[in-house]
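S.K.: One structure follows; several queries about it will come next.
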Amino acid sequence: MKRLLLGLAVAGLLLPAAALSGGFATVQLSSLPAGTDEGGTWTPTLTILQHGVTPLDGLQPAVRIADGTGEITTFAAKPAGEPGTYVAEVTFPSAGTWHYEIWDGFSQTHTYSPVTIGGGGDASFPTAPVGGIVLAALALLTTIFIVIIVFLGLYTVKNSESAEKAKAYLRSNEKLKQDIGEVQNFGNIVTAAINDRNGNSEVTLKLKVFGERKTVNATVDLMLVQGNAWRVTSASYVNSNGQKIPLLDPYDTKVQSPRVAA
């Protein structure tokens, strides 16, 4: 018997998001090197946060610079005293265009736009690292994708033929109405567990039922026999005392099996 649970499917979809959003850090800079004079020293404070939230201590980050020839010079950053903060003293020996990047000491190198040294630029607004933006955007897009998939899955179940059959049965069930009054509406979330047995499809739906007097949680089992209409095979709800109350006479649940020619 093959059992397909919507809840497990959603959990499976969530796994890539957790893997995608874990294991990276963001770097915030207190200043930019723009505006540094030829031969001058740029002294940025690096704030390194895991997932952009948790300060990371005990790292060995570094600032790397490269001139037009591609020669790389590395400046180690040292702890600055506050959690997750490090300071580096970076010297640009000549004027011109310089490339710079930061190794966060945790998982990746963060690249920035080239800077002109000796040009008198504004160094007050740090740029966002390209790597951090890509990872953050990818994690956000994955989360949005998962939310859309979950919403579509719940919407499909809620508006399926089996769900409509279950709702119609609950609306007309006299035993349920004696307890909660006339059924007014149903909850927006309908969960489903689907089974395939000997060519017949079975589904268990869980719904919230809003009555005139009470709101209860109901469970309805249905069967689809070889493409025929859905048939309710079992139904129950949980009353205010926490008791499971059956709604369907077991003698009414027989499903006629098709005859097989000899």
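Taken together, the values in this text are just the output of simple stated rules run on the coordinates, not laboratory data. Bear in mind the structure is a predicted one, so any value in this text is a computation, not a measurement. Note: ideal-geometry Cβ built from the backbone for every residue, glycine included; neighbour counts use all protein chains shown.
S.K.: Sorted by packing (mean other beta-carbon atoms within 10 Å per residue), highest first, where do 74-86, 200-212 land?
M.R.: On the way: 74-86: 15.7, 200-212: 17.5.
By packing density, highest mean first, the sequence is 200-212, 74-86.
S.K.: Now for a separate question. Peptides 100-109, 166-175: what's the order by average Cβ count within 10 Å, highest mean first?
M.R.: On the way: 100-109: 19.3, 166-175: 16.6.
In decreasing order of mean packing, 100-109, 166-175 become 100-109, 166-175.
S.K.: Take every Cα pair under 8 Å in segment 159-252 that's 6+ residues apart, average their separations, divide by the length, and report that relative contact order as a whole percent.
M.R.: Relative contact order, segment 159-252: 22 percent.
S.K.: So if R0 is 41 Å, what FRET efficiency would Glu89 and Phe145 give, r being the distance between their Cβ atoms, rounded to the nearest 0.05?
M.R.: For Glu89 and Phe145, the calculated efficiency is 0.40.
S.K.: Using a Förster distance of 35 angstrom, determine the FRET efficiency expected from the C-beta separation of Ser160 and Glu212, and round it to 0.05.
M.R.: After rounding to 0.05, the efficiency reads 0.85.
S.K.: Extending each Cα 7 Å along its Cβ direction at Val53 and Ser113, get the distance between those two points in nm, one decimal.
M.R.: 3.1 nm
S.K.: I want to check the label-to-label distance for Thr73 and Ser172. Put each point 7 Å from Cα in the C-beta direction and report it in nm to one decimal.
M.R.: 8.5 nm
S.K.: OK, next. If the chain between Ser30 and Asn185 were fully stretched, how many nm would it gain, using 0.36 nm times the residue separation less the Cα-Cα distance?
M.R.: 50.2 nm
S.K.: In Å, what is the Rg of the alpha-carbon atoms in segment 159-252, and how long is Dmax?
M.R.: Cα radius of gyration and Dmax of segment 159-252 are 13.1, 41 Å respectively.
S.K.: For Ile245, Ile180, what's the fewest-to-most ordering of other Cβ within 10 Å of each Cβ?
M.R.: Going from least to most buried by this count: Ile245, Ile180.
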